[in-house]
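These notes concern the structure reproduced below.
The values are calculated or read from the model by the stated rules, or taken from the named source; none is laboratory data. Note that this is a predicted model, so its numbers are computed, not measured. As a convention, Cβ positions derive from the backbone with ideal geometry for all residues, glycine included, and neighbour counts pool all protein chains shown. Each accessible area value is taken on the protein alone, full model and side chains, heavy atoms only, with ligands, DNA and RNA left out. Shrake-Rupley method; radii C 1.70, N 1.55, O 1.52, S 1.80 Å.
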Amino acid sequence: MIPLRPRHRPGVPAALVLLLSLAPGAAAFPSPADSPSTAADDAAAEDNATDQAPALATEHVVVTATRTPTPESQVASAVTVITGEDLERRQLRLVVDALRQVPGLDLRRTGGPGSTTSIFLRGTNSDHVLVLLDGVELNDPSSPDRLPFLDNLTTDAVERIEIIRGPQSTLYGADAIGGVINIITRPGGGPLQVSVLAEAGAYRTAGERVALSGGQDSFRYAGGISHLATDSFSAAAGGGEDDPFRDTAAHARLGWTLTQRASLEVTARHTDARVHFDGFASEDGNRIDSEQTVLRVQPRLSYLGGRWIQRIGLSGTRHDRDTISANPSRIQGDLLAVDVENAIALGSRQTLTFGAEGEWEDASFPTFRDSARTLAVYVQDQILAGDRFFGTVGARVDRHSEFGTEATYRLTGGRRFARTGTTLQGSAGSGFKAPSLSQLNSGAFGGNPDLEAETSRGYDLGVLQELGGERAGVGVTIFRNDIDELIVAVFDAGSGQFLNQNIDAARAEGVEVTFHARAVRWLHVGGSYTYTDTEAEGSPAGFGLSPGSRLLRRPRHKAALDLAGRFASGRGRATLGGVYVGERADIDPVSFAVVDAPDHVVLNLALSYDLPRGVRLFGRVDNLLDEEYQDVLGFGTAGFSAYGGVAFRWQAKDRAGRRLTP
């Protein structure tokens, strides 16, 4: 067992203690909900009753699972939705932190905010998750494994996050073996609204954000800018100096209604960040300067009286990272995509979705530059039979310029029994992961142009049971993923070098349990438990693995708890969230042997109180129990730390002369 680092014990400013005593709480105030996906179709808004607990069990309209707005009760895939209200009441500043309580998903971060973060979804690799921001892919072509780059993404402007578990390559192509995470920003609209937030706290942390939104029938807008800075703590466990993080982000989302049949939407976001890290030779002076730019332009056309909706999207992403260390480097990844999506309603209970996509990626490394293109077509039939049966069947073909053609499929189905409040649902499908440009290029570490795609087969089967009507419910889902042709760098004795080869295989299976209940009028309880059993099946099975061993850093047991309540006649809110992470295999940073990392529990508390005239006081305590733990062995984590601040929202009167309350 590796000794744990000394606790990071930040000082708590006296002003912050006073602020906490005034019952502080959340971050940005909620904005009006509009359509969250790649098009503005979902107009469902959350009921924010002031005298009740947050309606955490409210049914959502989901777009990621089928590409069309569908009530969550008619989606047969395993879905989790994190709303803007959830982000607000838990006072989460980074998207990766918002994912920690998602069932079937585990995060491992190598240090403080902004450090490299791995996402394991149902036991799959961290490069087996596709991440979208308003339909724009965030997986980085210049990453050695084409990982999604989420380390610096803040939650400002996020309306909700949809997480779809299981192979999703039929609708989304490569990188979706484990699932899809779709981050959806606020679309604007309604009376002019301006919000301002400022906070401070442990580790000399300071954050500010300004946002505005509004619009009329023909034009809507939302935008803002945010800044987050912290001295943080040492990325190396027990290190002697802090590793600061700075992040500045600007975003905008604009929409025009051109005619009754045509509209246009533009989304843009730019992030400029710097994070320090500890190198092998020294702690001081190592940093990564990164920039990420995201842009999407999307016309939306309507035919046949609205029964045929067509979306044409042009997306672009640029990742630029400059590493300052003993081994400096600068890499850049560009991704350009064009997609055409059609959704045709064949009557009131059947929707045919089909489309085509073209993607061009380019990556520039210190030693080489390479590019590739992918063309794809897909089709899906979505069926609703009466009020009880629902499902989809779909297929896709992708053509990659380097490794060739890959075909995938996905089937889902569900059956609801209204008398008992029971729903049975399941899915089965295949996925693939295209080799990255770095893995294919002979000028890179282990580069092999003869690589094939990694492939997977996965299924799940679940039952959802309502208890006491809509006051409570429980869900149980079993799942399994089998992955073949995994790419591993293997030492070649003949050449004396490492070479990427398709020789590995892996299995992951388990159970996800979720529950929610309104215990009393002012308190809502939610939570989950996930059991994940993983096994390396290849020979050799990769660094630190042998055939039959557990995959690294995936805990067998993980549980999450979320308590949300109201007090003071609805003016105050309180949230207590907790995550338990069980033992997991990891690499000893000293001996490089595989050892068991100890389990840990982390509790976070958030409070808020609404004052007159749109003012809100808020504050939170992270790691309430001051737990000593390491996300990744050898890397530091935060101890007990407190934060607080004030937010203000002003909203113009609507046409009836009414002003919404915070």
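The value obtained for region 333-380, namely the Cα convex hull volume divided by the number of residues, is 62 Å³ per residue. Estimated from the Cβ-Cβ distance and a Förster radius of 35 angstrom, the FRET efficiency linking Leu611 and His557 is about 0.25. Between His270 and Glu208, full extension at 0.36 nm per residue minus the direct alpha carbon distance yields a gain of 20.7 nm. Given R0 = 35 Å, the distance between the Cβ atoms of Leu424 and Asp596 translates into a calculated FRET efficiency of 0.40. Taking Cα centre as origin and charging only the Cβ of basic (Lys, Arg, +1) and acidic (Asp, Glu, -1) residues, the dipole magnitude of the chain rounds to 2600 debye. Semi-axis lengths, largest first, of the ellipsoid equivalent to region 259-343 are 44, 11, 8 Å, with √(5λ) applied to each eigenvalue of the Cα gyration tensor.
Accessible surface for region 312-403, divided over its residues, is 49 Å² per residue with a 1.4 Å probe. Computed in the context of the full set of protein chains, the accessible area of the chain at 1.4 Å probe radius has 58% of its extent on carbon or sulfur. Only helices enter the 222 nm calculation for the chain: every DSSP H run of n ≥ 4 contributes -39,500 (n - 2.57), and dividing by all residues gives -1000 deg cm²/dmol, rounded to 500.
A straight line joining the Cα centroids of region 72-118 and region 175-215 runs 14 Å. Considering only DSSP states other than H, G, I, E and B, which chymotrypsin sites (Phe, Trp or Tyr not before Pro) in region 234-304 qualify as loop sites with at most 10 other Cβ atoms within 10 Å? Here the sparse-neighbourhood loop sites are Phe280. Quickly work out the Leu336-to-Phe498 label distance, labels modelled 7 Å from Cα along the C-beta direction, and quote it in nm with one decimal. With each label point 7 Å from Cα toward Cβ, the separation is 3.3 nm. Our analysis of the chain gives Rg over Rh at 0.94, with the two radii drawn from alpha carbon positions and Rh computed by the Kirkwood formula. Across every pair of non-identical alpha carbons in region 388-526, the mean reciprocal distance, once inverted, gives a Kirkwood radius of 18.5 Å. Take the Cα of Arg415, step 7 Å toward its Cβ, do the same at Leu258, and the gap between the two points is 4.7 nm. Our analysis of region 75-148 gives Rg over Rh at 0.96, with the two radii drawn from alpha carbon positions and Rh computed by the Kirkwood formula. Restriction of the chymotrypsin sites (Phe, Trp or Tyr not before Pro) in region 413-479 to DSSP coil positions whose beta-carbon has at most 15 other beta-carbons within 10 angstrom yields Phe445.
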